[in-house]
Each structure stands twice: as C-alpha cells, then as structure tokens.
1. Across segment A:51-66, what is the number of residues that are among the charged types (D, E, K, R), touching a residue at least 12 places away in the same chain (Cβ under 8 Å) and in a loop (DSSP other than H, G, I, E, B)?
2. Residues of segment A:58-86 being within 14 Å of chain B (Cβ to nearest Cβ) and buried (at least 21 other Cβ atoms within 10 Å of the Cβ), which ones?
3. Going by the conditions given, is residue A:82 in contact with a Ser or Thr (Cβ under 9 Å, 6 or more places away or on another chain) and at pLDDT 95 or above?
4. Please go through (1) over 21 Å from residue A:106 (Cα atoms); (2) in a strand (DSSP E or B); (3) open to solvent by 20 Å² or more (accessible area, probe 1.4 Å) for residue B:74 and return the number of the only condition it doesn't satisfy.
5. What pairs come out if I take residues in segment A:96-112 that are more than 11 Å from chain B (Cβ to nearest Cβ) and pair them with residues that are part of a strand (DSSP E or B) and among the β-branched types (Val, Ile, Thr) whose C-beta lies under 6 Å away, six or more apart or interchain?
6. Does any residue of segment B:87-100 turn out to be assigned to a loop (DSSP other than H, G, I, E, B) and either open to solvent by less than 40 Å² (accessible area, probe 1.4 Å) or modelled with pLDDT of 95 or more (or both)?
7. Of the conditions (1) in contact (Cβ under 8 Å) with a residue 24 or more places away in the chain; (2) more than 12 Å from chain B (Cβ to nearest Cβ), residue A:36 satisfies every one except a single condition; which number is it?
8. Would you please name the residue that is surrounded by the most Cβ atoms within 10 Å (Cβ to Cβ), looking only at residues in segment B:1-25 that are touching a strand residue (DSSP E or B) at 6+ places or on another chain (Cβ under 7 Å) and charged (D, E, K, R)?
Amino acid sequence: AQSVAQPEDQVNVAEGNPLTVKCTYSVSGNPYLFWYVQYPNRGLQFLLKYITGDNLVKGSYGFEAEFNKSQTSFHLKKPSALVSDSALYFCAVRDLLYNFNKFYFGSGTKLNVKP
Amino acid sequence: NAGVTQTPKFRVLKTGQSMTLLCAQDMNHEYMYWYRQDPGMGLRLIHYSVGEGTTAKGEVPDGYNVSRLKKQNFLLGLESAAPSQTSVYFCASSGTSGRAYEQYFGPGTRLTVT
C-alpha cells in the first residue's frame, strides 16, 4: 500500500537557522517523490521532486531534499530559513510501477519561521 | 500558458442546490484530479481521470460526480449539496514524462453550503 507520513504537524524555527521538514513514505514499487508548498488561500505550488539519479535534489526558493531509500525518507531542508518560508508543506509520492495514476499526500506540516 | 484554472473562485449554496465546478488545463496533461481540503484533514482525492472520457473514484467520491468530455476540462458536480461539502476544492493535472511528472494545481474554489 502507498502512504506518506509527515510526523510533525508544526515546525518552528528562527529566521537564519536551518530547517528540516520530515517525510517518510511507503510504496510497493519505485517512488517518485515531491514537495509542495501552500501559502494561505492559495493552491499548492511545486517545490522539487526526486525521480531518479542524485539523492540530493534542489528546488525552488533554496530548498533541497534528500532521498534515502534505506530509511524510506525524503526530508525537506533549507540551510537558512526566511520568514517568508512560513507556509504549509506537503510531501507526496507517486508509485511508478503499481499505481501511477494517483498521488499520495502527507497530512501537511505547518512551518513557522520567526524573526 | 495559464496552467490550471478553476471556475468559480467562490460560491455559496443552500442545502439541496446543485452546481458544477470547472477545471481547465492548457498543458495537454493526461491526468486530472479533484481534491477537497478541510482544516486538519490535508488533501483528499474525490475523483480523477487518466484520459479523455475516463473517470475513476478517489478516496471520498460520495455526493460528487465528474466528467471529462474534453482532454483539457474536468468537471466536478454536486447534485444535491450538503453542509458537509463545505470545503476548498482543488483541481490538479499531471502528465507522464519530464516536467509533467508532478502535479500542477489550480487556485481553488471555496464552497460554502448553508
């Protein structure tokens, strides 16, 4: 079965500090992994994805994520947080082999960056 | 290139009324999706389509119907609205290669049923 877990409902970090938003996944086949960001009263915006290749992927707004197959994780990171990074973040997985039609989303993590 | 657009942006219905939400994409994507987002519930898949003329049920399909008569459009219908259908509805599309692997989302429709 396919699923995504975001264990933290909320992450608080001070501006300028590094941030990590955690995501673990479960798929039957090969995972395509994604991070999206949602600002208040807006739709979800694509941040980055892992399809194949280098385990460290870089995306928009200075975010990056590391694919770890052994730990089935895809944590979102940024070296230095900005107040403007405050938003709701969703991790998602698409199963290449067994259920390519659907995306499975985590429950979301609210990131609060304080000045 | 407008991406994914949704019509309308806001709507208030009375219980028992019907309405149709329209989603359009101009990226020639095969896949289209309807989600609802409720506080504390994340995104829940209502229905989806893998191509023109095809539809399939998602996680929470009851009370909704969909149609995809043209590849670029995906309609979500509420035949008899209920207060439990008060939510924010998002449409999304995706393809099968390259930059189309990820989903592209519309701006959402905020629906209130009184």
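1. Selection size over segment A:51-66: 0.
2. Listed by number, the residues that qualify are A:65, A:74.
3. no
4. (3)
5. A:111/A:11
6. Checking segment B:87-100: at least one residue is assigned to a loop (DSSP other than H, G, I, E, B) and either open to solvent by less than 40 Å² (accessible area, probe 1.4 Å) or modelled with pLDDT of 95 or more (or both).
7. Result: residue A:36 fails condition (2) only.
8. Here the answer is B:11.
The values are calculated or read from the model by the stated rules, or taken from the named source; none is laboratory data. Since the structure is predicted, the reported quantities are computational estimates derived from the model, not experimental observations. Positions of Cβ are backbone-derived with ideal geometry, glycine not excepted, and every protein chain shown enters the neighbour counts. Accessible surface is based on the protein model in full, side chains and every heavy atom, while ligands, DNA and RNA are left aside. Shrake-Rupley method; radii C 1.70, N 1.55, O 1.52, S 1.80 Å.
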